[in-house]
Amino acid sequence: MKRLVSFLAIIILIAFTIAMVYFGAVIFDISRQMSPKHNSIEAYFLQSADLSSERVGRPRPLEDLAKTSPEFIRDRLIRRFVTEYLYVIPDMDNISTRTASGAIKRMATQSVFIEWRDNVASELARMAGNGVYRRVVVHPDIISAGDFLVVRYDLITYNNPNDLTARPEITKNNEMRIRIYFKNEICTEECERTESDIRRFLERGGDPSTIFTFVVGEVR
């Protein structure tokens, strides 16, 4: 019995040693990617998606992202709009900022923004005041229906703050129909701003989703 235990312990030790050697080799290989000329490193860990918010390395240029498909940028702007339209966090300052100068105001016409502010945001504010947290999960398939695009989404709502045992309320396959104006480019002349204006806006922490030629003209 003792020999069997000793044998298994040796096997586990060998496997652990091999794993540590492999991990060290991977780290060493990454360190070789460092360029003294550019003082940069090409990271491979945690590069889980094309969005810069989900990547550790340098954000990918718009030109590279747009090559994926003609709808790549458009669909991500739509998902951002729908998320911004409906999400809730238990923070009244958050909803105040969104109704004053948030993404909806910059991504939609004035009539769409006013409709959202007066009818939707008031409900979001009530929920936030009650400590509600709501996630919006937008489905990847966006379907054309005449002049409108059909966006499906799920809502995951936590109604009981600070209760780790509470289950969220989940409503699936909700639909929003939107009519948009979109061109796959940064909005400069049409928005009466220059590239320098946009650069300063981003350097001050401005929302990147609001610099594109993208406007939501109607929501149903």
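The values are calculated or read from the model by the stated rules, or taken from the named source; none is laboratory data. Note that this is a predicted model, so its numbers are computed, not measured. Here the Cβ is made from the backbone with ideal geometry for all residues, glycine too, and neighbour counts use every protein chain on show. Heavy atoms of the whole protein, side chains included, go into the accessibility calculation; ligands, DNA and RNA do not. Shrake-Rupley method; radii C 1.70, N 1.55, O 1.52, S 1.80 Å.
Quick test for you: out of Glu123, Glu84, pick the one residue that is charged (D, E, K, R) and closer than 24 Å to Leu149 by Cα.
Result of the check over Glu123, Glu84: Glu84.
Please enumerate the residues belonging to the range 105-130 that are under 11 Å from Met92 (Cβ atoms) and among the small types (Gly, Ala, Ser).
Matches in the range 105-130: Ala125, Ala128, Gly129.
Within the range 89-135, which residues are surrounded by fewer than 18 Cβ atoms within 10 Å (Cβ to Cβ) and part of a strand (DSSP E or B)?
Answer for the range 89-135, where residues must be surrounded by fewer than 18 Cβ atoms within 10 Å (Cβ to Cβ) and part of a strand (DSSP E or B): just Arg135.
Could you list, in sequence order, all residues of the range 182-208 that are part of a loop (DSSP other than H, G, I, E, B), under 27 Å from Asp147 (Cβ atoms) and not acidic (Asp, Glu)? Lay out the reasoning, then the answer.
Step one: of the range 182-208, the residues part of a loop (DSSP other than H, G, I, E, B) are 187-194, 204-207.
So of that shortlist, the ones also under 27 Å from Asp147 (Cβ atoms) come out as 187-192, 207.
Within the range 182-208, Cys187, Thr188, Cys191 qualify.
In the range 177-214, what count of residues is obtained for those that are open to solvent by less than 40 Å² (accessible area, probe 1.4 Å) and among the small types (Gly, Ala, Ser)?
Number of matching residues: 2.
Would you check if there is a residue in the range 157-169 being in contact (Cβ under 8 Å) with a residue 60 or more places away in the chain, touching a Lys or Arg at 6+ places or on another chain (Cβ under 9 Å) and open to solvent by less than 90 Å² (accessible area, probe 1.4 Å)?
Yes: one or more hits.
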